[in-house]
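Right, one structure below, let's go through it.
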Amino acid sequence: RYEPTWGSLDARPLPAWFDEAKFGVFIHWGVFSVPSFGSEWFWWYWQKEKREPYVKFMEANYPPGFSYEDFGPLFTAEFFDPNQWADILKASGAKYVVLTSKHHEGFALWGSKYSWNWNAVDVGPKRDLVAELATSVRNRTDLHFGLYHSLFEWFNPLFLEDATNAFKTRKFPTSKSLPELYEIVTKYQPEIIWSDGDGNAPDTYWNSTGFLAWLYNDSPVRDTVVTNDRWGLGSICTHGGFYTCSDRYNPGHLLPHKWENCMTIDRSSWGYRRDAWLGDYLSIEDLVKQLAETVSCGGNLLMNIGPTHDGRIAVVFEERLRQVGTWLKVNGEAIYGTKPWRAQNDTVTPGVWYTFSPKEGKVNAIFLNWPVSGILELGEPQAKLGETQVKLAGYKEMLKWVALGEKGIIVALPHLTPQQLPCQWGWTLQLTDIN
């Protein structure tokens, strides 16, 4: 059994499914999806920081005295079809999904006993959005279902009172945050608890170790659940299950501990923005690059989309997710279930990232640019004459290659028309029998 100490909790092995999955989809959805302007931090930027664009937006579009709470009934979700969402998630090739059960605004997407009249069953959709998505994902896909939960809430009076008392009192975690965590685990049995928002309070204030000990010892998901590292001030990148370290974390080198790169398709927001331009969204080439870099360095990629207040996954997000899925259909062997190789990227040709498939004993070289010459030079692999085989994922015939002395290999790529290419944005060489 795990003790409620970091020493004990950090020693728990991460359930193997998480490292094998490699790719998940993050969904930021809540009352912030109603103004859908600027960022999901809309309430804070408008009311606390009083940032000019947010103040002007409200003055121009809403009556005087309109409060953030007034957005609640406008969060309607009338087009939310959980089966359609599940089908898009499945088509993306993702192996897990993480939904924001509650963001820093405190609005719960389920009928929480601890969030009276500020949840999706009492206000707005009048539906349990968490339950509906969980059911569809489990019925229609093999994705692991996870939930994001914010520990703190910007404007909750109990939290603000505790903060004023320098967190010597613990009214908020005992009456709100912790009961919610126990509630979502017991009710929805998520296999990921993605914690966030420590409010500059230490983990002792949140009783994070007490909750995690229960989660790992006695909860209905004790054997399969994974957690992240955001459990109080100072715990990030230090304690918990997998490390996130920071938003959009992509170190570019191998880390000794399992980590995740959580990032957004919209470069500047996690929630949906009506004011986004096409150039604000990462292209499929950008996303394939992020996936290859992240997995080669031992990480998972958690790619975020923000649905609309009426429950739609915007077409641009759907397209990106389906494009990643198309790419993974051809190159998935270089991603799923792989381990980092001795080299992460190539020393001679930039834009080449390596992974290792232990079952097949294959080294995968994912290259992001198709060379004009049709010749790809790799500095890292040590080939063996008469033994090493080189294959292009999605192409039937073996490729010709020449060794470069002690280390390195030159591969002749096939002459293909754009229509004949196995995929359009990044390709994989599979090398067998190399040192």
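The table for this structure:
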item	result
Region 397-407 - phi-based ³J(HN,Hα) in whole Hz, Karplus 6.51/-1.76/1.60, Gly and Pro as x	7, 5, 9, 7, 8, 9, 7, 10, x, 4, 9
Cα gyration tensor shape for region 1-103, rounded if a/c is under 1.5, else prolate or oblate	oblate
In range of the label at Glu78: residues from region 257-294 whose backbone nitrogen is under 18 Å from the point 7 Å along Cα→Cβ	none
Cysteines having no other Cys beta carbon under 4.7 Å from their own, within the chain	Cys262, Cys297, Cys423
Of the trypsin sites (Lys or Arg not before Pro) in region 360-402, those whose Cβ has at most 16 other Cβ within 10 Å and which sit in DSSP loop	Lys384, Lys396
Lysines whose Cα lies under 29 Å from that of Lys56, excluding same-chain neighbours fewer than 8 positions away	Lys48, Lys102
Antiparallel content of DSSP bridges confined to the chain, in %, to 5	50
Accessible surface, per residue, of the chain when the full set of protein chains is kept, probe 1.4 Å, Å²	41
28 Å Cα-Cα threshold exceeded, pairs from Lys50/Lys95; Lys289/Lys339; Lys339/Lys396	Lys50/Lys95
Zone residues, region 349-393, relative to His415, backbone N less than 15 Å from point 7 Å out along Cα-to-Cβ	372-375
DSSP-loop trypsin sites (Lys or Arg not before Pro) across region 287-350, with at most 10 other Cβ within 10 angstrom	Arg342
Per-residue SASA entry for Glu397, accessible area with 1.4 Å probe, Å² rounded to 10	120
Residue-wise HN-Hα coupling along region 345-362, computed from phi with Karplus coefficients 6.51, -1.76, 1.60 (Hz; x: Gly, Pro)	10, 7, 8, 9, 9, x, x, 10, 10, 9, 9, 10, 9, x, 4, 8, x, 9
Among 260-270, 154-164, the order from most to least packed when residues are scored by Cβ within 10 Å on average	260-270, 154-164
Rounded, prolate or oblate (a/c below 1.5 giving rounded, otherwise prolate when a/b exceeds b/c) for region 125-171 by Cα gyration tensor	prolate
Theoretical FRET efficiency, 1/(1+(r/R0)^6), r = Cβ-Cβ of Lys391 and Leu255, R0 30 Å, to 0.05	0.55
Partners for Lys126 among aspartates and glutamates (Cα-Cα distance below 20 Å; same-chain residues under 8 apart left out)	Glu69, Asp70, Glu78, Asp81, Glu105, Glu180, Glu183, Asp310
Segment Thr135-Lys56, extension gain: residue separation times 0.36 nm, minus the distance between their alpha carbons	24.4 nm
Potential extension, Thr347-Cys237 segment - 0.36 nm per residue separation minus Cα distance	36.7 nm
Of all accessible heavy-atom area on region 242-382, the percent that carbon and sulfur account for (1.4 Å)	53
Loop trypsin sites (Lys or Arg not before Pro), region 36-119 (other Cβ atoms within 10 Å of the site Cβ: 14 or fewer; DSSP)	Lys50, Lys113
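The values are calculated or read from the model by the stated rules, or taken from the named source; none is laboratory data. Keep in mind that this is a model prediction, so the values were computed, not measured. All Cβ positions, glycine included, derive from the backbone under ideal geometry; neighbour counts span all protein chains shown. Note: areas computed on protein heavy atoms with side chains; ligands, DNA, RNA excluded. Shrake-Rupley method; radii C 1.70, N 1.55, O 1.52, S 1.80 Å.
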